[in-house]
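Below is one structure; the comments refer to it alone.
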Amino acid sequence: MTTSNGLLLVDKPKGLTSHDVVARVRKVMNEQRVGHAGTLDPMATGLLVLAIGPSTRLLRFAQSETKHYEGVVTFGVRTDSLDADGVVEERRDVPDLDVTSVNEVATSMTGTQSQVPPMVSALKVKGKRLHALAREGVIVEREPRTITVSSFSLAPTSILNEWSFDVTCSVGTYVRVLLSDLAERLTTLGHLSALRRVASGNHDVHDALTLDEIELRVQRGDHVLKPPTAFVGQLERALVSAEEERRLRMGQRVSLIAPIADEIAALNDAGSLVAVLERRGDVWQPVVVMPDENANAHE
């Protein structure tokens with residue numbers, strides 16, 4: 001029996017949670033081992049990176065990737081969740097804003113910085129999610145996180161007080177907090193009114209499929225998965241011999257003439273990912289071992 005194994009790029013629709021997407025993919029692909037990298041809120045759309053089958057062992061590589069978002073911020077209104085799904089808490093006049101001054105402020109907010117997660121979020125404090133505490137009216141202190149905003153720019157839309165934005169940032173960045181902070185610096189309020197993830201690392205939403213497209217292609221017998229190597233594109237690679245491959249699959253260390261790195265991807269002569277290796281002095285230890293694709297093909 002052939003096991004589904006690889007990376008799946010999904011264009012998530014508005015209204016579904018990331019968990020909803022995973023549940024549907026499990027059913028469509030008849031595979032329980034499905035995980036996602038980087039949660040998208042129900043109101044958000046765009047790229048959701050999924051790992052299928054044994055490739056769930058490689059999710060950490062996708063989870064650490066830089067994210068690229070596009071969306072819309074509405075100035076003059078703040079909600080309790082800092083996005084359009086929340087309840088309006090306060091309104092404030094919006095000053096005359098021009099592209100130059102707004103982007104000067106946005107640019108000043110790039111770089112490495114600390115950000116306090118919002119109360120309405122999925123983070124856990126003492127085993128309880130913040131959004132659950134927020135619904136109970138409980139406000140708790142949140143530890144600031146170190147984030148990096150690589151680029152941040154805005155442009156006015158045709159709708160009064162609505163501006164489109166484009167931001168590239170590190171994993172763990174709350175874009176709605178960034179926009180709320182921007183509004184405060186512009187002496188007004190603001191909330192996220194639309195969000196779309198357009199890229200995660202080297203993965204782009206233009207290469208993603210909708211859930212309906214995935215279901216249709218799977219029914220036709222079409223291949224929808226990228227190979228496991230798509231998860232480790234940022235790692236240096238080393239080609240291993242058949243004997244080295246055999247030893248790695250048994251969890252044994254090998255000696256390789258490899259790039260100067262602490263972690264590398266070991267590929268066989270067919271280009272398949274054999275394992276992710278970590279340096280242990282002069283040898284390499286397999287820390288993630290992938291199944292033999294050729295063995296599966298003959299089962």
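The values are calculated or read from the model by the stated rules, or taken from the named source; none is laboratory data. Computed from a prediction, not measured in an experiment: that's the story for all the values here. Quick reminder, even Gly has a Cβ in these numbers, built from the backbone with ideal geometry, and neighbours come from all protein chains shown.
Listed values, structure above:
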read-out: Scan of the stretch 17-45 for residues that are in contact (Cβ under 8 Å) with a residue 60 or more places away in the chain and at negative phi, ordered by number; value: VAL21, ARG24, VAL25, VAL28, MET29, ALA37, THR39, LEU40, ASP41, MET43, ALA44, THR45
read-out: Among the residues listed as LEU209, LEU160, the single one being without any contact (Cβ under 8 Å) to a residue 12 or more places away in the chain, surrounded by fewer than 18 Cβ atoms within 10 Å (Cβ to Cβ) and not charged (D, E, K, R); value: LEU160
read-out: The stretch 230-253, residues that are of a type in the set (A, V, I, L, M) and within 30 Å of the chain's Cα centre (by Cα); value: ALA230, VAL232, LEU235, ALA238, LEU239, LEU248
read-out: Helices (runs of 4 or more DSSP H) (entirely within the stretch 147-259) containing at least 3 residues that are farther than 22 Å from VAL116 by Cα; value: 211-220, 242-249
read-out: Any hit, the stretch 269-286, residues being touching a residue at least 60 places away in the same chain (Cβ under 8 Å), within 27 Å of the chain's Cα centre (by Cα), outside the structural domain of SER170 (by TED's automatic domain parsing) and exposed (fewer than 13 other Cβ atoms within 10 Å of the Cβ); value: no
read-out: Among the residues listed as VAL232, VAL254, the single one being of a type in the set (A, V, I, L, M, F, W, C) and either touching a residue at least 40 places away in the same chain (Cβ under 8 Å) or farther than 13 Å from TRP284 by Cα (or both); value: VAL232
read-out: Failed item, numbered, when ILE260 is tested on (1) modelled with pLDDT under 95; (2) within 29 Å of the chain's Cα centre (by Cα); (3) closer than 19 Å to LEU58 by Cβ; (4) not charged (D, E, K, R); value: (3)
read-out: Tally of residues being in a strand (DSSP E or B) and among the acidic types (Asp, Glu) across the stretch 260-286; value: 2
read-out: Unmet criterion (only one of (1) at pLDDT 95 or above; (2) not assigned by TED's automatic domain parsing to the domain that holds ASN30) for GLU213; value: (2)
read-out: Selection count where residues are of a type in the set (A, V, I, L, M, F, W, C), part of a loop (DSSP other than H, G, I, E, B) and modelled with pLDDT of 95 or more, scope the stretch 95-146; value: 2
